[in-house]
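Engineer: Just dropping this structure here.
The values are calculated or read from the model by the stated rules, or taken from the named source; none is laboratory data. Here the structure is a predicted model, which is why all the values come from computation and not from measurement. Cβ atoms come from the backbone with ideal geometry, glycine included; neighbour counts cover every protein chain shown. Calculation scope for accessible area: heavy atoms of the full protein, side chains included, ligands and nucleic acids excluded. Shrake-Rupley method; radii C 1.70, N 1.55, O 1.52, S 1.80 Å.
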Amino acid sequence: MKKLLLIAVVLVAGYFGGIETGFIPGQGKGYGADPGAQVLASAFDSHRSDFQVQGSGRVVRLLADDDDGSRHQRFIIETASGQTLLVAHNIDLAPRVAALEMGDRVEFNGEYAWNAKGGVIHWTHHDPQGRHVSGWIKHGGRSYQ
């Protein structure tokens, strides 16, 4: 009886530990909660850039708009893996993400560019010339592209 109880405790602990780390897909904080987080973490580790990626994160900092050249709404998100990313959303080509606040969750589809701070997500908008994959940001039940 004690052996069965011990086995049950180990299995339950393993299950919840697997969810938390993302090994078992679920609501945990690990990669399993967002497959894009694993792709981005790998790209960061290998200094890889210039590829389309889809993922999500929590807004950890709101920045002033970049008005040099094309205007960009800028904010920093943290992915499920703990990686931080600067999101540079072109507001000359797409609507501004409305009512964005710290702690909000956003989903994105854009191009990743490596940098030492975690990377940048850009091209989160349509391409008027149709030469680049269209990206987007989703927030509050609305898509911005």
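Engineer: Mind listing whichever residues of segment 107-143 are under 13 Å from Ala88 (Cα atoms) and either β-branched (Val, Ile, Thr) or assigned to a strand (DSSP E or B) (or both)?
Structural biologist: Within segment 107-143, Phe108, Asn109, Gly110, Glu111, Tyr112, Ala113, Val120, Ile121, His122, Thr124, Trp136, Ile137 qualify.
Engineer: Would you please name the residue that is farthest from Ser49 (Cα to Cα), looking only at residues in segment 72-122 that are aromatic (Phe, Trp, Tyr) and buried (at least 18 other Cβ atoms within 10 Å of the Cβ)?
Structural biologist: Among those residues, the one meeting the criterion is Phe75.
Engineer: Please work out which residue is nearest to Val87 (Cα to Cα), limiting yourself to segment 123-145 and to residues that are open to solvent by less than 20 Å² (accessible area, probe 1.4 Å) and hydroxyl-bearing (Ser, Thr, Tyr).
Structural biologist: So, considering only residues that are open to solvent by less than 20 Å² (accessible area, probe 1.4 Å) and hydroxyl-bearing (Ser, Thr, Tyr), the one nearest to Val87 (Cα to Cα) is Thr124.
Engineer: Also: State which residue pairs qualify: first residue more than 17 Å from His139 (Cα to Cα) and inside segment 66-78, second residue open to solvent by 60 Å² or more (accessible area, probe 1.4 Å) and of a type in the set (D, E, K, R) in any location, beta carbons under 8 Å apart, and separation of 6 or more residues or different chains.
Structural biologist: Within 8 Å, the pairs are Asp66/Arg74; Ser70/Asp92; Arg71/Asp92.
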